Ligand code: TXA
Ligand code: MG
């Protein structure tokens, strides 16, 4: 059973030092970041990193993000940092942006972290506890989102403690994650940014650094069987509750609400139940008996969505219908998570 420091964001130095000692000893630590919680291990220790894959039941071909607390750690691992990458680092680090670099040929980072790729994804988190944990460990920390593979990422310890407490040595509880969605993952090629996974840092914000920003086709498109993808994580079932889910979106609110009511009516006629997840101000327009508020704006929705997706199975309904949010700004990241949670079962009108 893990040692659990549950003082939320009042975690004391000594506890971070104890957790850092676990990292140095080759053990796993559950820790907060500004995006979602991570399950961390010493990124330079192959045996420790393999424990992460086992704890999550994660496919070995899905690489981990390496978390650093200073630029020297990056320089130690990567072949080079280009001018564009430096500009991005200056603007967005510490923060929710992961950059995919070419890794040094000496392979300082073990193959288990990068799933044998010649690249490595790195980010510098801004969360204070995460930063101190890395600093006190003195090594970069490899960490995926804290969840059993396929489940929604953990954004508060209460949501994940049951599934992970026996798998880590130390739990640092920093309260609810500020952002609630994982970092934006990008690769820079010849002055073009390719977004492999959208997140809090939006396409629009990246365009302020370089004009040429491309969204990978798999961000919203489905990966076909045996297709080679730029980011292996795109292939896997993710975020999905056991209950069947569906996303419905239209720019025209009335159209969206009518469609959701039409589907609810059809399902009800079969004697089955529907749960609608929508904006608070829309909820009284839905005919479904069960409805939940997902938040009033994109930031709130991002913060709430994983906790809500984790709760829907308890409701024992036959279908969950979730309002879509469009693709602008943070909407792209939310839509990317929702269509995966719904296993590509969605309607855009
Ligand atoms: O916000 C986050 O990024 C959180 C927190 C804990 O930092 N971490 C996270 O890790 O979301 P994970 O493992 O759940 O997602 C990492 C994603 C995966 O889709 C993976 O395929 C991709 O990043 N990735 C990692 N290294 C890569 C690489 N070298 N090339 C391409 N994609 C990579
Ligand atoms: Mg994940």
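The values are calculated or read from the model by the stated rules, or taken from the named source; none is laboratory data. Owing to the predicted nature of the structure, the values given are computational and were not obtained by experimental measurement. Backbone-built Cβ (ideal geometry, glycine too); neighbour counts: all protein chains shown.
The condition of being assigned by TED's automatic domain parsing to the domain that holds residue 335 and touching a residue at least 24 places away in the same chain (Cβ under 8 Å) holds for only one of 277, 283, that being 277.
Count of the range 292-303 residues, restricted to those that are in contact with a strand residue (DSSP E or B) (Cβ under 8 Å, 6 or more places away or on another chain) and surrounded by fewer than 20 Cβ atoms within 10 Å (Cβ to Cβ), is 2.
Looking only at helices (runs of 4 or more DSSP H) that lie completely in the range 98-202, which have at least 2 residues being within 11 Å of ligand 1 (Cβ to nearest atom)?
In the range 98-202, 111-114 are the helices (runs of 4 or more DSSP H) which contain 2 or more residues that are within 11 Å of ligand 1 (Cβ to nearest atom).
Would you check if there is a residue in the range 246-256 being under 12 Å from residue 322 (Cα atoms) and part of a helix (DSSP H, G or I)? So far as the range 246-256 goes, yes, one or more of its residues are under 12 Å from residue 322 (Cα atoms) and part of a helix (DSSP H, G or I).
Residue 85 falls short of the stated requirement of being farther than 26 Å from residue 176 by Cα, in contact (Cβ under 8 Å) with a residue 12 or more places away in the chain and not in a helix (DSSP H, G or I). Residues of the range 131-150 that are more than 16 Å from ligand 2 (Cβ to nearest atom) and out of contact with any helix residue (DSSP H, G or I) (no Cβ under 6 Å at 6 or more places or on another chain): 131, 134, 135, 138, 139. Just one of the listed residues (3, 91, 56, 51) is surrounded by fewer than 15 Cβ atoms within 10 Å (Cβ to Cβ) and either within 30 Å of residue 227 (Cα to Cα) or in contact with a strand residue (DSSP E or B) (Cβ under 7 Å, 6 or more places away or on another chain) (or both), and it is 3. Of all residues in the range 105-118, those satisfying the criterion of being crowded, with 17+ Cβ neighbours inside 10 Å and in contact with a strand residue (DSSP E or B) (Cβ under 8 Å, 6 or more places away or on another chain) are 109, 113, 114.
In the range 133-156, is there at least one residue being at pLDDT below 95, under 25 Å from residue 101 (Cβ atoms) and over 20 Å from the mean Cα position of the chain (by Cα)? No.
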